[in-house]
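What follows draws every value from the coordinates through simple rules; no lab data is involved. Note that the structure is predicted; figures quoted are calculated from it, not measured. Don't worry about glycine lacking a Cβ; one is built from the backbone with ideal geometry, like all the others, and counts go over all protein chains shown.
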Amino acid sequence: MSSLIKLDEKLGEALSKREKKNFIQSVELIINLKDVDVSKPEKRFTETIELPRGLDGKPRKIAVIASGAIALEASRSTNVDKVFEKPEVEALIGNKKAAKKIAREYDYFLVEPSLMPIAARALGAALGSLGKSPVPIPPNINIDSLASRYKRSITVRLRKIPQVSCMIGTEDMHVSELMENANEVINRVVEKLEKKWANIKSIYIKTTMGQPIKLDISRVK
């Protein structure tokens, strides 16, 4: 794994050049690729990454689709924002408007395996249009721990253009925390690429309303 040269300085520069707003701005990472033919499905990818320092101030919203003991456990978790039981999900089948609203409201949908077919029928199209997909809940896992991990996660996607972008934190986080998150995402993306760093064209850091700051990747290749 590699750490970018002077990443702390560039993050500090991005934060110093941001426009002051009356909301907490996100800090965003943009990775431009080269020599990657995104017209080929095998070159595309979707990767969910748990950020080591989380997303202070903007955690992901987690929904759980479950029944019985799993639903009860999820309802007691402080990391689960909403529990949908089987009848609620079934009621969404054929109701595209309601499905779209719910799909937009939550970042991750953790689903009891036995309810995956129903979740797919009810929410599959709505989630797919947003680049999301239901996540099967592994057997015998602690729901609170699972939800906590996804609460701290982001999903990066390589699709129609040779670029990956995502949020790595917020402007009120410490630069060292943003550095850890940025390095985690960059290294995970690099590992997905056939030629690793040779497929990286450029990397930028910016705040929501700020100026993009280009990182120096010449010494990492």
Scaled to the compact-protein estimate 2.2 N^0.38 Å, what is the alpha-carbon radius of gyration of the chain, rounded to two decimal places?
1.10
Non-local residues with an amide H under 5 Å from the amide H of residue 201, with H modelled 1.01 Å from N and Pro and chain starts lacking one, are 32, 33, 34
Can you give me the distance in nm between label points at residue 197 and residue 75, each placed 7 Å from the Cα along the Cα-to-Cβ direction?
5.3
Dipole size in debye (nearest 20) for the stretch 48-203 around its Cα centre, Lys and Arg Cβ +1, Asp and Glu Cβ -1?
780
GNM result for the chain, Cα springs below 10 Å: residue of 36, 64, 185 fluctuating most strongly:
36
Cβ-based exposure ranking for 42, 50, 194, 85, in which fewest neighbours within 10 Å come first
42, 194, 50, 85
Under a Gaussian network model of the chain whose springs join Cα atoms within less than 10 Å, the largest fluctuation of 26, 114, 165 belongs to 114
Net length gained if the chain between residue 35 and residue 88 were fully extended (0.36 nm per residue, minus Cα distance)
14.5 nm
For the chain, built as a Gaussian network whose Cα springs stay under 10 Å, the top-fluctuating residue of 63, 98, 74:
98
Would you grab the residues whose amide H sits under 5 Å from the one on residue 83? Only those 5+ places off in sequence or on another chain, please, with H modelled 1.01 Å from N.
64
Evaluate E = 1/(1 + (r/R0)^6) for residue 95 and residue 67, where r is the Cβ-Cβ distance and R0 equals 25 Å; express this FRET efficiency to the nearest 0.05.
0.80
Report the gain in length on full extension from residue 125 to residue 163: 0.36 nm times residue separation, minus Cα-Cα distance, nm rounded to one decimal.
11.3 nm
Tally the DSSP beta bridges in the chain and give the antiparallel ones as a percent, rounded to 5.
70
So residue 149 and residue 105, fully extended at 0.36 nm per residue minus their Cα-Cα distance, gain in nm 14.0 nm
When we measure straight from the Cα of residue 86, which lysines land under 22 angstrom away, once same-chain ones fewer than 8 places off are left out?
61, 96, 97, 100, 101, 132
What value, in deg cm²/dmol to 500, does the helix sum -39500 (n - 2.57) over DSSP H runs of n ≥ 4 give at 222 nm once divided by the residues of the chain?
-10000 deg cm²/dmol
